[in-house]
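One structure below.
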Amino acid sequence: MYAAIVFLPLLGFLIAGPLAWRKGDRAAELVTTGLLFISLGLSWAVFFQVALGTAPASVSVLGNWFTSGTLQIGWSLKIDSLTAVMLVVVTTVSAFVHLYSIGYMAGDPCRPRFFSYLSLFTFAMLMLVTADNLVQLFFGWEGVGLASYLLIGFWYEKPSANAAAIKAFVVNRVGDFGFELGIFLVFALTQSVGLDQIFAAAPALAHKSIHVFGSDLDALTVACLLLFMGAMGKSAQFLLHTWLPDAMEGPTPVSALIHAATMVTAGVFMVARLSPLFEQAPAALSFVIFIGATTAFFAATVGLVQNDIKKVIAYSTCSQLGYMFVGLGVGGYSLGIFHLFTHAFFKALLFLGAGSVIIALHHEQDMRMMGGLWRKIPFTFAMMVIGTLALTGFPFTAGYYSKDAIIEAAFESGRVGAFYGFILTTLAAGLTSFYSWRLVFLTFFGAPRWAALAHELPKSGLAHEQSANAGTGQAHEDHAFDPHESALTMLIPLAVLAAGALFAGIIFSSDFIGHGATGFWKGALILASTNEVTEGHTLPSYVSIGPTALMVIGFVVALAFYILWPTIPSLLAKSLRPLYEFLLNKWYFDELYDKIFVRPAFALGRLFWKGGDGAIIDRFGPDGVAARVIEITGRVVKLQSGYIYHYAFAMLVGLAAVITWYTAWGIR
């Protein structure tokens, strides 16, 4: 059963193309989606048996990968409560994204390729979360990076999509370089890459030092910082976050699957999986808190002023990932995973809901061109409101249980940096509420600004964007630009994810972070009970009430700005122009990186190209020699004129030269 969960998506990837060639695109869609739903059913069975039931954790050995000396790397599937949770998250979101894509991608000429890429990504993610050793984990890690590159650049006719795919690939390579070094160092310290062997050796390495760059440093702190560098890239944390908003160039189902619920949470999963290692490196955990809290606040500030509906949700993802890392950093590993679990439902719901809005408006993504849609697409509106309530932490929704618990744990923790995490995550809660309701109000309320689009439809050149509306068989032109609900294949996933956004917290909070956590996790995570809040009365009232109060304040301010007095935002933008530009340009990180890294890299490349390859190698190397030979022979061949008197003259000149030489130097 475990192998079937992992390899059914791989089977879908392998057969999608041939199946479409023989049976048509619809067959490829149905088969890949059907295989994912089978994996989904099996994953929930594992969740109930292993996490909620009494089935023991196990390692299923599939075979040997390679052997190098004493190092043996095998293919193994590690099944415990943490794996069961991740299997449910990955397969649930992936299966319903597959179903949603049947409607969203209708009319696209490359649907089989799209569905095969989705299945490839799902397989790589499943390999990552079931890995029993660091090398197999790295295989899945790089696999999801490859699939992400392919899916972000799926519409390769668009230069912006190509640029976004390359940017995501390059930025992730920066983090992955640190991740590789971390794996190498862990192997050097433990002589193993197997997780169980590493965890067993970790306590003995707690105070071991290594000599690096002339200094003696704590070995596990260095190792964990390097490993976390990989998590920073994959999970789009502060300084390595710039790829995630640009990745919205991919189709919206890609945003929901990769950049909301699964791939970006790989870093969170990795830190939680290696919790026995990180527990021995408190300085590294403090750094995790600092980066997570900074990311939560930074991304929330940028989300305040973005106008692209998908980019607002993308920065929300960055911010929520920051919350997860704060939870991990204070020692509440189960808190971070619980927020990962709940976040998957409401963030995928928001992305897919945004896709339904985009389809209704003929692929318009600028919220300034929306408005008044709640009457036109009421079901999508209701689903987006549910997702927003869960994201902002409205009482008794999924986000309320997981996000507020992280804030409270940061307050209670005595770890260095925890109070910094508490302050910034609390502030981010209010900002999250504001920009989330800003999205709802701009999109669904006010004047129907989309009416102006009737005479200016988007012209991307993509067949998908000019096709029938979401598989309904009715072309956009047939209804004179009248926004309407999407196909049923797109609405069913919204309803299922909305149920998770509403009830996942209240149903599973006691198992993930409550009194039943020990029996639920069964040793899969380090449970630091002093950092997990299970008794609300031990906290000051302002800590317990603060996030909810800020959530209400954010809603009220957004209501005032965009419903009651809609002229306020423009007046504030004019009066606070430098701050507005600073936030609108995302703290100028792209411009800064362009100046520090991109331009010097291009300048160095041009130097090697023009100066090294062109001026030196091409001039004096094989190309230069060949050019001189051609030049000389080009002159020599001119002697072959075909006239006899030219040849006679040349012979006379030669004879005169020989006689002269013989007369002057030949006789001694």
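The values are calculated or read from the model by the stated rules, or taken from the named source; none is laboratory data. Nothing here was measured: the structure is a model prediction, and the numbers come from that model. As a convention, Cβ positions derive from the backbone with ideal geometry for all residues, glycine included, and neighbour counts pool all protein chains shown. Ligands, DNA and RNA are stripped out before the accessible areas are found, and what is left, the full protein with its side chains, is counted by its heavy atoms. Shrake-Rupley method; radii C 1.70, N 1.55, O 1.52, S 1.80 Å.
All of Leu14, Leu36, Leu77, Leu19 fail the test of being open to solvent by 10 Å² or more (accessible area, probe 1.4 Å) and at pLDDT 90 or above, apart from Leu14.
Identify all residues within region 118-134 that are surrounded by fewer than 24 Cβ atoms within 10 Å (Cβ to Cβ) and within 18 Å of Ala27 (Cα to Cα); write none if there are none. Matches in region 118-134: Leu120 only.
Ile617 passes every criterion in (1) open to solvent by 60 Å² or more (accessible area, probe 1.4 Å); (2) aliphatic (A, V, I, L, M); (3) closer than 30 Å to Thr295 by Cα apart from (3).
On the given criteria, is Gly53 in contact with a helix residue (DSSP H, G or I) (Cβ under 8 Å, 6 or more places away or on another chain), part of a loop (DSSP other than H, G, I, E, B) and farther than 16 Å from Ala348 by Cα?
Values: in contact with a helix residue (DSSP H, G or I) (Cβ under 8 Å, 6 or more places away or on another chain): no; part of a loop (DSSP other than H, G, I, E, B): yes; farther than 16 Å from Ala348 by Cα: yes.
Criteria not met by Gly53.
Within the span defined as region 164-171, one or more residues are open to solvent by 10 Å² or more (accessible area, probe 1.4 Å), of a type in the set (Lys, Arg), assigned to a helix (DSSP H, G or I) and touching a residue at least 12 places away in the same chain (Cβ under 8 Å). Taken over region 222-241, the criterion of being more than 8 Å from the chain's Cα centre (by Cα) and open to solvent by less than 10 Å² (accessible area, probe 1.4 Å) is satisfied by Ala223, Cys224, Leu227, Phe228, Gly230, Ala231, Gly233, Gln237, His241.
Could you list, in sequence order, the residues of region 623-645 that are among the basic types (Lys, Arg) and more than 24 Å from Asp613 (Cβ to Cβ)?
Pass one, region 623-645, residues among the basic types (Lys, Arg): 628, 635, 638.
Selection gives Arg635, Lys638.
Taking region 267-300, which residues are open to solvent by 10 Å² or more (accessible area, probe 1.4 Å) and assigned to a helix (DSSP H, G or I)? Let's see the steps before the verdict.
Keep residues of region 267-300 that are open to solvent by 10 Å² or more (accessible area, probe 1.4 Å), which gives 276, 279-280, 282-283, 286-287, 290, 294, 297.
The answer is Pro276, Pro282, Ala283, Ser286, Phe287, Phe290, Thr294, Phe297.
Residues in region 192-207 that are in contact (Cβ under 8 Å) with a residue 60 or more places away in the chain and assigned to a loop (DSSP other than H, G, I, E, B): Val193, Ala202, Ala206. Taking helices (runs of 4 or more DSSP H) as the structural unit, those lying wholly within region 553-599 and holding at least 2 residues that are under 30 Å from Phe444 (Cβ atoms) correspond to 568-575, 577-584.
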